[in-house]
Amino acid sequence: MSYQQMAQVYDRLMADAPYDQWKNFTTEMIRSYHPDTRSILDLGCGTGEITRRLRTDGYQLTGVDLSAEMLSIAEQKATDDIQWLKQDITRLEGLQHYDCVISYCDVMNYLTEESQVQAAINNAYHALNQNGLFLFDVHSKEHMEAHLMGETFAEVYDDLSYVWFCDPGEEEGSVIHDLTFFVQQEDQYVRFDEQHEQRAYAAKDIINWIEEAGFVLKRMTADFDTQPKTDGNRLFFVCQKV
């Protein structure tokens, strides 16, 4: 999904997101499986919070996102020489020879067709050097069904408020996010609406797609734990091109 007006308030809404945990997970997996890593490709980088954190560790970073608005904010915030590219992660072009590819913050759940997930995994494989790592996370089906479907969320600040409805989609495991924002601009509040869709997939299917792409699944875990786990709200997959 391409964030549009929501890009302007995204960092406010994500102020408490565990970006440091994503960074720490990445560096731990690199240390364990590919310590010679020098370059990282961040698929679905958004406003670049994880990308920038990894750049401070000395890696060469490329951030890819479908939203030009999100990339514009990322570029404004970055002080290092990070490359920012607008591309669809299911149709990557000209991106090769990376030591590590990451895709976090449930980016893969925004791919609502099985063929799209398979394409993104295949693209990550082809973007990597030999022994390169692909690290990504997804919302589990159990989490989507228990904690999102049918729920309503809302926040009210002095200059910003939103209402967020989560309705079941047509496909099994899918959720339609209907969001309404009210943002203060000078002496009035401006309303805008966005709709996004996410879909959760069974872990066994994701593992099959990983292996079909040519990866070896080195570790599956959950909720930022570095020890192997098979269930949780946010599942992590550590894949290696061998």
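Decide, for region 49-158, between rounded, prolate and oblate: order the square roots of the alpha carbon gyration tensor eigenvalues as a ≥ b ≥ c, take rounded if a/c falls under 1.5, and otherwise choose prolate if a/b is larger than b/c, else oblate. It is oblate, given that a/c is not under 1.5 and a/b is not larger than b/c. Across the protein chains, with a 1.4 Å probe defining accessible surface, the residues Trp164, Trp209 rank Trp164, Trp209 from largest area downward.
Amide hydrogen proximity for Ser67: with H placed 1.01 Å from N in the peptide plane, the residues at 5 or more positions away or on another chain lying under 5 Å are Tyr3. From the square roots a ≥ b ≥ c of the eigenvalues of the alpha-carbon gyration tensor of region 114-242, which class results: rounded (a/c under 1.5), prolate (a/b over b/c), or oblate? In terms of gyration-tensor shape, prolate. Karplus-derived 3J(HN,Hα) values for region 231-242, using 6.51 cos²θ - 1.76 cosθ + 1.60 with θ = phi - 60°, are 9, x, 6, 10, 8, 10, 10, 10, 10, 10, 8, 10 Hz; glycine and proline are entered as x. Grab the chain and count how many Lys pairs have their alpha-carbon atoms under 14 Å apart, sequence gap of 8 or more, or different chains. So the count works out to 4.
Subtracting the Cα-Cα distance of Arg38 and Gln76 from their residue separation scaled by 0.36 nm leaves 11.3 nm.
Lys and Arg at +1, Asp and Glu at -1: add these up for the other residues within a Cβ distance under 11 Å of Asp167 and post the number. All intermediate terms of the calculation are to be shown ahead of the outcome.
Values: positive: none; negative: Glu151, Glu170, Asp178, Glu197.
Value of the local net charge: -4.
In order along region 100-114, phi translates into HN-Hα couplings of 8, 10, 10, 8, 10, 6, 6, 4, 5, 5, 7, 8, 9, 10, 4 Hz, rounded to whole numbers, per the Karplus curve 6.51 cos²θ - 1.76 cosθ + 1.60 with θ = phi - 60° and x for Gly and Pro. Residues whose amide H lies under 5 Å from that of Leu128, counting only those 5 or more places away or on a different chain, are His97, Tyr98; hydrogens are built 1.01 Å from N in the peptide plane. Expressed in Å, the radius of gyration and Dmax of the Cα atoms of the chain are 17.7, 58. In this structure the amide hydrogen of Phe134, modeled in the peptide plane, comes within under 5 Å of the amide hydrogens of Val101, Cys239, Gln240, Lys241, none closer than 5 places in sequence on its chain.
Applying 0.36 nm per residue to the separation of Asp187 and Glu114 and subtracting their alpha-carbon distance, the gain on full extension is 21.7 nm. Applying Stokes-Einstein at 25 °C and 0.890 mPa s to the Kirkwood radius of region 9-63, computed over alpha-carbon pairs, gives a translational diffusion coefficient of 207 µm² s⁻¹. Using a cut-off of under 11 Å, list every residue of region 197-234 whose amide N is near the label point 7 Å from the Cα of Lys141 along the Cα-to-beta-carbon line. Only 200-206 pass the distance filter. The alpha carbon radius of gyration of region 24-101, expressed as a multiple of 2.2 N^0.38 Å, is 1.05.
Say R0 is 25 Å: what FRET efficiency, to the nearest 0.05, do His97 and Lys229 get from their beta-carbon distance?
On the way: r = 32 Å, r/R0 = 1.28.
Between His97 and Lys229 the formula returns 0.20.
Our coupling estimate for region 148-163, obtained by passing each phi through the Karplus curve with A = 6.51, B = -1.76, C = 1.60 and θ = phi - 60°, is 10, 4, x, 8, 10, 10, 8, 9, 10, 10, 5, 10, 7, 8, 8, 10 Hz, Gly and Pro reported as x.
Within the chain, the longest run free of GluC sites (Glu not before Pro) that sit in a DSSP loop with at most 16 other Cβ atoms within 10 Å is 1-92. Answer with one residue from Leu92, Leu133, Tyr19: the one whose Cα lies farthest towards the positive end of the charge dipole of the chain, charges on Cβ with Lys, Arg +1 and Asp, Glu -1. Toward the positive end, the furthest listed residue is Leu133.
What is the percent carbon and sulfur in the accessible area of region 25-181, measuring with a 1.4 Å probe over the protein chains and ignoring ligands? List each step's numbers first, then the result.
Values: 2920 of 6920 Å².
C and S atoms contribute 42 percent here.
The values are calculated or read from the model by the stated rules, or taken from the named source; none is laboratory data. Small disclaimer: the values here were computed from a predicted structure and weren't measured. So basically every Cβ, Gly included, is an ideal-geometry build from the backbone, and we count neighbours across all protein chains shown. Side chains are part of the model used for accessible areas, which takes the heavy atoms of the whole protein and leaves out ligands, DNA and RNA. Shrake-Rupley method; radii C 1.70, N 1.55, O 1.52, S 1.80 Å.
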